[in-house]
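Structure, as structure tokens:
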Amino acid sequence: MNLANKSILVTREASQAIEFNQKIKDASGNVLNAPLLKINPIKFESFNPTNYNWLFFTSANGVEKFINQLTNLAWLKTIKIAVVGHKTEDALKKHHLVADFIPTVYNAVEMAKEFTTKYPQANKILLVRGNLSRNVLPNFFQKMNIDYDTVVVYETVINKEIKPRLNWIFKTKQIDYITFMSPSTIDNFMTLLDEKYHNQALKIKVICIGTTTEKLALEKGFKHVSIPNQFTAESMLEKITEMEGMTKS
């Protein structure tokens, strides 16, 4: 992978962006950091783990913020666990846990379809979420008459403190690509970026991690929006490399 000194604006939450940033540097790219989100844990009420057969995680943040609040971890070895993708699975592995189900396509829609196809009798699900999580899974569970509960374990909020840096980047730097990992990141970007830079921003090539984020980017007016073959951060960088190769050929 060679990013040939291309400057990539990384808008991901700071702690999550560390590995992503290093991959850019390893590929000879220039990192422009502007984390537009902050993630705060939300304390949740105690619950009876014996009420559930399945535990659903749709993000690595959900794994960390959920497990860090538990006092009894033994039951995690007995319950079945579903995760939305390999990054979420990696977060599980840090706690010596293994996922029983991972969809072939890393999004909630496919997760719901593939899960109910593979486990048509599944019931009693505890869905671990963030405050901005979409209702794809709850709606699907209701439609399929699956018994489930949700627990919100973290909130994603706008990182207002990054506004001066974001605008400084647009004032002083050449930006070749913008990377967006979620719809909320795009909303925050448009809120924090001064209006005088909006036209400039909308012309920059954008790489979105998935179709939901892509849809919002197009709705906001970005002219050059792409998504990777797999909805992972590494695949986003592979997509940029692919696009650079097409430009040079």
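Filtering segment 140-169 to residues that are basic (Lys, Arg) and crowded, with 17+ Cβ neighbours inside 10 Å leaves only Lys163.
Close Cβ contacts (under 7 Å, 6 or more residues apart or on different chains) running from residues in segment 100-128 that are at positive phi to residues that are exposed (fewer than 15 other Cβ atoms within 10 Å of the Cβ) and outside any loop (DSSP other than H, G, I, E, B) comprise Lys124/Asn51. Taking the criterion of being in contact with a Phe, Trp or Tyr (Cβ under 6 Å, 6 or more places away or on another chain) and of a type in the set (A, V, I, L, M, F, W, C), the residues of segment 210-249 that qualify are Phe231, Ala233, Ile240. Residues in segment 198-216 that are part of a helix (DSSP H, G or I) and closer than 16 Å to Asp176 by Cβ: Gln200, Ala201, Leu202.
The single residue among Glu161, Glu244 that is charged (D, E, K, R), modelled with pLDDT of 95 or more and over 21 Å from Pro103 (Cα atoms) turns out to be Glu161.
For segment 98-114, what are the residues that are buried (at least 19 other Cβ atoms within 10 Å of the Cβ) and modelled with pLDDT under 95? Of everything in segment 98-114, those that are buried (at least 19 other Cβ atoms within 10 Å of the Cβ) and modelled with pLDDT under 95 turn out to be Pro103, Tyr106, Ala108, Met111, Ala112.
Of all residues in segment 150-178, those satisfying the criterion of being of a type in the set (S, T, N, Q) and part of a helix (DSSP H, G or I) are Asn167, Thr172. Pairs linking a residue in segment 182-196 that is more than 26 Å from Ala60 (Cα to Cα) to a residue that is in a helix (DSSP H, G or I) and among the aromatic types (Phe, Trp, Tyr), with Cβ atoms under 7 Å and 6 or more positions apart or on different chains, are Leu193/Phe170.
The values are calculated or read from the model by the stated rules, or taken from the named source; none is laboratory data. This is a predicted model, so every value here is computed, not measured. Heads up, the Cβs are rebuilt from the backbone with ideal geometry, glycines too, and the neighbour counts pull from every protein chain shown.
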